[in-house]
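Colleague: Got a structure for you, questions after.
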Amino acid sequence: MNKILKKLNSIGIIPVVTIDNIEKAIPLAEALVEGGIHCMEITFRTEQAEEAIKKITTKVPKMLVGAGTVLNIEQADKAIKAGAKFLISPGLNPKVVKYCIEKDYLMIPGIATPSDVEQAINLNVSIVKFFPAEAAGGINMIKSISSPYSEMKFIPTGGINNQNLNQYLSFNKVICCGGSWILNEEYIVKNQFDKITKLCREAIFTMLGFEIDHVGINAENETVAKDIAKNFSQFFNFSINENEFSIFMDKSVEIIKNVYLGKHGHIAIKTNYIERAINYIEIMGGKFDINTIKKVDGKIISIFLEDEIGGFAIQLVQK
Ligand code: 3PG
C-alpha cells in the first residue's frame, strides 16, 4: 500500500471539509490536529478550496491534506499544485482517473455499484471511495461487492457517524471512513473550535474502543505467584488459568511468575484496532517500546508504552 494510504489507514477517519470562509481554514485544521486527526479532505465545492489547501499545507505541516469532489482535470492540477497529497471524487470519471494515473497523482474515485468497480479495475484502481455509503447499501453492500472483487479496498463516505463507524472499520476491506459528522456547522460559524476538537476525540475513542483488559501483578517467583492466586480464589472464586509465564485469574488479573515490566505491575488496555491506537497515542506524544511487540500472523497483538503511568507499565492489546 502507498505511504499516504497507509497513513490514512492508520488514522481511520478522514474529515470531509467544505470551506466557505477562508478565515476558518487554519483554526479548523488546528482543531483536528489537536483532536488527534491528522488528515482532512477539502472539497472543491467552494471557490476557497484551492487557497485553503495551500494555507493548511504551509501553516499546519502535521496535517495531511487531500482534495475532495475533484470532478475534472483542471481541479486535479489545481489541488496538487496547492499541496494536496491525494485526490478523491464522488464518482468515477475515467478521463480524470487516467490523467491522475499518468501524472502519478493518488486518485481515489467514487463507486456505488459492481459495474463501477469493474470500471475501476479496468483502470488499475484498487482503492475506491464507496459513496454515498449509507444510502447505497452500507456495510452489507460493501461486503457483497467484496465477494467477487476481493482485491478491491474501500473508503466508505456518506452518512457515517459515531453510531455506524465501527460497522465499516471492522471489515478488513475498509481502509478508513470519510465524513463530515465531526464538522459541526454551528461550532464552525461561532468559532468554537475547541468543540470540534472534542468531537474528534469522541470519534477517535468510539473507533478505538479502549477498555481495561487486565491488571498484571509481578510476583518474585512461582511460589509467591501461586500464593497470590490462592488468596484471590479463596475470596473471589476466580477461575485459574496457568501457563509457563503467569497465572491468569478470571482473565482480569494476571500474576506473573517473575519480576516483569512496571514497578507495581502492568495494566493492559484493549482496543478495537491496535495499529490505529498506536498511531493515535504517538500523535498525542506517547512512545512505544518496539522490543515488546507481539505479533500473530504478521499482525501486532500487543505492545507496551515506553513510560510507566503511576508505576504501572501500560500494555496495549488487540481485542
Ligand atoms: C462527501 O462528499 O464525501 C460527503 O459529502 C460526506 O458525506 P457526509 O456529509 O454524509 O458525511
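Colleague: Report the FRET efficiency, 1/(1 + (r/R0)^6), for Asp250 and Thr206, where r is their Cβ-Cβ distance and R0 is 45 Å, rounded to 0.05.
Modeller: After rounding, the FRET efficiency stands at 0.95.
Colleague: Now, a different point. May I ask you to evaluate 6.51 cos²θ - 1.76 cosθ + 1.60, the Karplus curve with θ = phi - 60°, for each residue of region 281-291 and list the ³J(HN,Hα) values in order in whole Hz, giving x for glycine and proline?
Modeller: Values, residue by residue: 5, 5, 4, 7, x, x, 10, 10, 8, 5, 5 Hz.
Colleague: Would you look at the GNM of the chain, springs on alpha carbons closer than 10 Å, and say which of Gly285, Gly66, Gly262 moves the most?
Modeller: Judging by the Gaussian network model, the answer is Gly285.
Colleague: Rounding to the nearest 10 and keeping the result within 0 to 90°, find how far the Cα-based axis of helix 25-34 lies from the longest principal axis of the chain.
Modeller: Roughly 20 degrees, rounded to the nearest 10.
Colleague: State the extension gain, in nm to one decimal, for the chain segment bounded by Lys143 and Lys81, taking 0.36 nm per residue of separation less the distance between their alpha-carbons.
Modeller: Full-extension gain reported as 18.7 nm.
Colleague: Separate question: Scan around Leu64 for amide H atoms under 5 Å from its own, H built in the peptide plane at 1.01 Å from N, and keep only partners 5 or more places away or cross-chain.
Modeller: When sequence neighbours closer than 5 places are left aside, the close amide H contacts are Cys39, Met40.
Colleague: Hey, another quick one. Starting from the Cα-Cα distance between Lys319 and Lys294, subtract it from 0.36 nm times their residue separation and give me the gain in nm to one decimal.
Modeller: Stretched out fully, the Lys319 to Lys294 stretch lengthens by 7.6 nm.
Colleague: Also, I was wondering about something else. Return one number: the angle in degrees, 0 to 90 and rounded to the nearest 10, between the long axis of the Cα atoms of helix 73-82 and the longest principal axis of the Cα atoms of the chain.
Modeller: For helix 73-82, the angle is close to 50 degrees.
Colleague: Near Lys59, which lysines are there with a Cα under 19 Å away, not counting those fewer than 8 places off in the same chain?
Modeller: Partners found: Lys24, Lys78, Lys81, Lys85.
Colleague: What number, in percent, do you get for the relative contact order of the chain if the mean sequence gap of Cα pairs under 8 Å and at least 6 apart is divided by its residue count?
Modeller: The normalised contact order for the chain reaches 13 percent.
Colleague: Carbon-plus-sulfur fraction of the accessible area of the chain, 1.4 Å probe, in percent?
Modeller: Roughly 50 percent of what the probe reaches on the chain is carbon or sulfur.
Colleague: How big is the gap, in Å, between the Cα center of region 175-233 and the Cα center of region 79-153?
Modeller: When both Cα centres are located, 32 Å separates them.
Colleague: Within the set of other residues whose C-beta is less than 15 Å from the C-beta of Asn191, count the net charge using Lys and Arg as +1 and Asp and Glu as -1.
Modeller: Taking every Cβ under 15 Å from that of Asn191, the sum is -3.
Colleague: So if I take the alpha carbon set of the chain, get Rg, then get Rh from the Kirkwood formula, what is the Rg over Rh ratio?
Modeller: Value, to two decimals: 1.07.
Colleague: Based on the mean of other beta carbon atoms within 10 Å per residue, what is the order of 292-299, 167-174, most packed first?
Modeller: The densest-packed peptide leads the list: 167-174, 292-299.
Colleague: Keeping all protein chains in place, calculate the accessible area per residue for region 3-207 (probe 1.4 angstrom), answer in Å².
Modeller: Per-residue accessible area for region 3-207 comes out at 44 Å².
Colleague: Can you tell me the FRET efficiency between Glu151 and Ile101 if r is taken as the Cβ-Cβ distance and R0 is 25 Å, rounded to the nearest 0.05?
Modeller: With a Förster radius of 25 Å, E is 0.90.
Colleague: Go ahead and run the numbers for FRET between Ser233 and Asn162, Cβ-Cβ distance against an R0 of 30 Å, rounding to 0.05.
Modeller: 0.15
Colleague: A further question follows. List the pairs from Lys7/Lys295; Lys3/Lys62; Lys294/Lys319; Lys6/Lys95; Lys3/Lys95 whose alpha-carbon separation is above 22 Å, in the order I gave them.
Modeller: Lys6/Lys95; Lys3/Lys95
Colleague: Still on this structure, please answer the following. Out of region 215-276, which GluC sites (Glu not before Pro) are coil in DSSP terms and have no more than 14 other C-beta atoms within 10 Å?
Modeller: Sites meeting the loop and neighbour criteria: Glu220, Glu244.
The values are calculated or read from the model by the stated rules, or taken from the named source; none is laboratory data. The structure presented is a predicted model; accordingly, all values stated were derived computationally and were not measured. Positions of Cβ are backbone-derived with ideal geometry, glycine not excepted, and every protein chain shown enters the neighbour counts. To get the accessible areas, we keep the full protein, side chains included, count just its heavy atoms, and leave off ligands, DNA and RNA. Shrake-Rupley method; radii C 1.70, N 1.55, O 1.52, S 1.80 Å.
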